[in-house]
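The block underneath contains the structure these notes are about, expressed in structure tokens.
The values are calculated or read from the model by the stated rules, or taken from the named source; none is laboratory data. Everything numeric here is computed off the predicted structure, so don't read it as measured data. Heads up, the Cβs are rebuilt from the backbone with ideal geometry, glycines too, and the neighbour counts pull from every protein chain shown. For the accessible areas, the whole protein counts, side chains as well, though only heavy atoms, and no ligand, DNA or RNA atoms are used. Shrake-Rupley method; radii C 1.70, N 1.55, O 1.52, S 1.80 Å.
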Amino acid sequence: MQVKVAKSAGFCFGVQRAVDTVYEQVEKGVRPIYTYGPIIHNEVVVQDMEEKGVRVLNSREELESLTEGTVIIRSHGVGRDVYEILRRKGLNCVDATCPFVKKIHRTVERESAAGKQIIIIGNDRHPEVEGIKGWCQTKAAVIESAAQAEEFELSEAVPVCIVSQTTFNYKKFKDLVEILDKKRYDRIVVNTICNATEERQTEARQIAEEADAMIVIGGSHSSNTQKLFEICRKECGNTYYIQTVHDLDLGVLRSTGLVGITAGASTPKKIIEEVQKRCQN
Ligand code: F3S
């Protein structure tokens with residue numbers, strides 16, 4: 001069995017930066033430390049942090065109930081209101097929002113203030129989209145599917161600014177913008193899909209095309225992993241999704257020539273290496 005691991009598999013720049021930020025704070029001896037939501041979609045990493053005294057805040061209420069400590073904002077970013085809560089409560093804020101997400105915040109803040117209707121191409125329930133919405137001066141519209149794009153209604157007189165969730169599928173983004181273009185809005189489109197995602201998706205597609213079986217590793221809540229899985233399955237019917245090496249069923253891979261491996265943005269290198277070794281052995 002031949003094994004090919006995608007070079008772009010695993011942590012992206014923003015996630016690595018956020019994870020490093022947490023460990024830096026731990027090492028500095030800062031206490032108590034909280035992250036607003038799990039720092040990444042990976043239970044192993046989150047648990048390791050918990051053992052080092054980092055607590056995850058799961059709701060706004062939990063944040064509101066704090067009286068002291070340091071709160072780390074994860075790479076997904078948050079809306080302006082969260083910063084206001086932190087300031088009001090006198091909590092120390094360490095901001096690990098990915099700079100690419102920060103750029104979207106600045107864009108929607110500026111363009112919505114200039115009177116444009118913001119359209120976010122993405123998943124309305126995703127925390128990153130929540131955060132982006134939280135920087136719009138007026139109510140943003142979120143579009144995820146072709147049907148939603150077709151149904152979208154707005155007076156032609158209103159100028160529009162279209163941005164994207166950083167982890168959205170690039171092809172799908174282009175398709176949705178094309179549908180919106182038929183409505184003849186005066187619009188600007190800012191492609192805010194992160195290169196890390198694009199590269200990971202393109203490489204996954206290329207490997208899946210030639211592979212006899214494909215393994216996609218990632219957390220069960222990770223939307224970028226789910227998208228990788230969709231892309232790979234289109235090219236290779238034998239695509240399997242796993243979270244750790246323990247989910248790997250070598251029985252189904254046994255008669256396979258080339259096995260491709262890729263992983264979502266929040267999968268630690270260690271897990272990828274374990275899966276690779278297991279396949280090779
Ligand atoms: Fe940032 Fe791109 Fe990762 S936006 S968090 S580097 S996927």
Query raised in the report: Setting aside same-chain residues fewer than 8 positions from residue 7, which aspartates and glutamates have a Cα under 20 Å from its Cα?
Result: 198, 199, 203, 209, 210, 212, 230, 235, 273, 274
Requested in this report: Could you rank the peptides 28-39, 58-69, 214-225, 155-166 by their average count of other C-beta atoms within 10 Å per residue, with the highest value first?
Outcome: 214-225, 155-166, 28-39, 58-69
Query raised in the report: In the stretch 112-161, which trypsin sites (Lys or Arg not before Pro) fall in coil by DSSP and have 11 or fewer other Cβ atoms within 10 Å?
Result: 125, 139
Query raised in the report: DSSP loop trypsin sites (Lys or Arg not before Pro) in the stretch 225-266 with at most 12 other Cβ atoms within 10 Å of their Cβ, which ones?
Result: 254
Requested in this report: Could you list the trypsin sites (Lys or Arg not before Pro) in the stretch 142-204 that lie in coil according to DSSP, counting only those with at most 11 other Cβ atoms within 10 Å of their Cβ?
Outcome: 182, 184
Query raised in the report: Taking a probe of 1.4 Å, how large is the accessible area per residue of the stretch 78-195, in Å²?
Result: 49 Å²
Query raised in the report: Could you give me the ³J(HN,Hα) list for the stretch 125-132, computed from phi with Karplus coefficients 6.51, -1.76, 1.60 and θ = phi - 60°, whole Hz, x at Gly and Pro?
Result: 8, 6, x, 5, 5, 3, x, 4
Report task. Report, to the nearest whole %, how much of the accessible area of the chain belongs to carbon and sulfur atoms, 1.4 Å probe, protein only. Result -> 46 percent
Report summary line: The relative contact order of the chain, taking Cα pairs under 8 Å that sit 6 or more residues apart, comes to a percentage of 23 percent
Query raised in the report: Which one of 167, 131, 225 is farthest out on the positive end of the charge dipole of the stretch 127-258, using unit charges on Cβ (Lys, Arg +1; Asp, Glu -1) and the Cα centre as origin?
Result: 131
Requested in this report: For residue 102, list the lysines whose Cα falls under 24 Å from its own Cα; do not include residues on the same chain fewer than 8 positions away.
Outcome: 89, 116, 133, 139, 171, 172, 174, 227
Report task. Just report the Cα centroid separation between the stretch 64-124 and the stretch 247-274, whole Å. Result -> 35 Å
